[in-house]
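Report on the following structure.
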Amino acid sequence: AKKHGKDRYEVFEPDMQRAFQASIELEADLRRAVVRHEFELRYQPIVNLTSGEITGVEALIRWAHPTRGEVAPMDFIPLAEETGMIVPIGEWVLREACSRVAAWNARRSGQPITVSVNLSAVQLEQPALPLIVQSALTSSGLPADRLILELTESLLVDHRPATLTRLTEIKALGVRLAIDDFGTGYSSLAYLRRFPVDIIKIDKSFVDDVVDEPTAAALTHGIIQLGRALQLSTIAEGIEHEGQLDSLADGNCELGQGYYFAEPLTRAALDELLFPADPA
Ligand code: C2E
Ligand code: CA
Ligand code: CA
Ligand code: CA
């Protein structure tokens, strides 16, 4: 038994040690990344499903790690939330996204585009958040109604009492609020009454099955109708195929995003999309 125990020790301990070591290294790397500004934003177009026009972009963060290359948000946002580093990182995202989109709008004719920024629950715990949002708008010159803040269902479900106050203060600035990943949480409908939301983002898991599964189609179309009844816009996420677009457009979904239209683009690529160079 003792030998068995020792074998197990030898099998498991180095793995755990390695995982622990890796997370310590990641945390040190992340602290350095904040100081050295190693983050970049990608911009994914949000499209009117009837006209095909780009009405906005969602800002999505990437970490340009000096040795590991590009790190996806799901590989560092949870650690950034645990350590509180999401607060300075999230402020940077907000300011950068507002400045960039204000600059694009200044060069565009026609309807100015919106920018959607993802907020973490940890950011909403900061009493200064409404002031930071206001400052990002003022210093960029972006009109408040061109900014959309995306909140996840889990954030609203496990909310602290201050969350509602904070969201009300932010709404008073004229900013709009979207519920991200709608339909994946536990009590989607209850908080539609409680929180001042403007937009529902239909989760990709519904869109994935909208063509092949009658249940997914019925739920998706039901969410769109619910949105309309409550005078909310609906954005379908993760549209990858024409069939999905057709089903959503048939159901009168207003807006959508996904690889079918464009993946999250670098600043230069979005620039090219918005302002195509004259053909030679
Ligand atoms: P999300 O807010 O639900 O963003 C949508 C994710 O789906 C993005 O992944 C996007 O690249 C991906 N996506 C878009 N269209 C398609 C499609 O047609 N097919 C597929 N398979 N995927 C698609 P990404 O960029 O890796 O971001 C993952 C998550 O990380 C986001 O999910 C969001 O929760 C979080 N995140 C990203 N940027 C930020 C940020 O600046 N702050 C915070 N707090 N969270 C962020
Ligand atoms: Ca989002
Ligand atoms: Ca989402
Ligand atoms: Ca998601």
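The values are calculated or read from the model by the stated rules, or taken from the named source; none is laboratory data. Nothing here was measured: the structure is a model prediction, and the numbers come from that model. With ideal geometry, Cβ positions are generated from the backbone for all residues, glycine too; neighbour counts draw on all protein chains shown. Areas reflect the complete protein model, heavy atoms only, side chains present, ligands, DNA and RNA absent. Shrake-Rupley method; radii C 1.70, N 1.55, O 1.52, S 1.80 Å.
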**Request:** Would you check if there is a residue in the stretch 73-92 being aliphatic (A, V, I, L, M), closer than 21 Å to Leu270 by Cα and either assigned to a strand (DSSP E or B) or in contact (Cβ under 8 Å) with a residue 40 or more places away in the chain (or both)?
**Result:** no
**Asked** Restricting attention to the stretch 266-276, does a residue exist that is within 21 Å of the chain's Cα centre (by Cα), without any contact (Cβ under 8 Å) to a residue 60 or more places away in the chain and under 20 Å from Val57 (Cβ atoms)?
**Response** yes
**Message:** Pairs needed: first member in the stretch 140-166, away from ligand 4 (no atom under 16 Å from the Cβ) and open to solvent by less than 30 Å² (accessible area, probe 1.4 Å); second member anywhere, of a type in the set (Ser, Thr, Tyr) and not in a strand (DSSP E or B); C-beta distance under 9 Å; at least 6 residues apart or different chains.
**Reply:** Ser140/Ser99; Leu142/Ser99
**Asked** Out of the residues in the stretch 142-153 that are of a type outside the set (A, V, I, L, M, F, W, C) and closer than 17 Å to Val57 by Cβ, which is nearest to ligand 1 (Cβ to nearest atom)?
**Response** Glu150
**Item:** Meets criteria (assigned to a strand (DSSP E or B), open to solvent by 30 Å² or more (accessible area, probe 1.4 Å) and at pLDDT 90 or above) for Thr55
**Value:** yes
**Prompt:** Among the residues of the stretch 59-72, is there at least one that is open to solvent by less than 60 Å² (accessible area, probe 1.4 Å) and within 16 Å of Val175 (Cα to Cα)?
**Reply:** yes
**Request:** Answer with yes or no whether Leu255 is more than 30 Å from Ala172 (Cα to Cα), open to solvent by less than 40 Å² (accessible area, probe 1.4 Å), in contact (Cβ under 8 Å) with a residue 60 or more places away in the chain and more than 16 Å from ligand 4 (Cβ to nearest atom).
**Result:** no
**Message:** Condition first: open to solvent by 40 Å² or more (accessible area, probe 1.4 Å) and hydroxyl-bearing (Ser, Thr, Tyr). Now tell me which residues in the stretch 97-115 satisfy that.
**Reply:** Ser99, Ser109
**Criterion: at pLDDT 95 or above, near ligand 1 (Cβ under 10 Å from one of its atoms), closer than 27 Å to Glu153 by Cα and not aromatic (Phe, Trp, Tyr) - qualifying residue of Glu91, Glu96** = Glu96
**Candidate set from the stretch 116-125 (those that are buried (at least 17 other Cβ atoms within 10 Å of the Cβ) and away from ligand 2 (no atom under 14 Å from the Cβ)); member that is nearest to Val175 (Cα to Cα)** = Leu124
**Asked** Residues of the stretch 223-252 being touching a residue at least 12 places away in the same chain (Cβ under 8 Å), open to solvent by 80 Å² or more (accessible area, probe 1.4 Å) and part of a loop (DSSP other than H, G, I, E, B), which ones?
**Response** Leu230, His241, Asn252
**Message:** So Ala103 ticks every box in (1) touching a strand residue (DSSP E or B) at 6+ places or on another chain (Cβ under 8 Å); (2) without any contact (Cβ under 8 Å) to a residue 40 or more places away in the chain but one. Which box is left unticked?
**Reply:** (1)
**Asked** Of the residues Thr138, Thr165, which single one is more than 28 Å from Pro264 (Cα to Cα) and polar (S, T, N, Q)?
**Response** Thr165
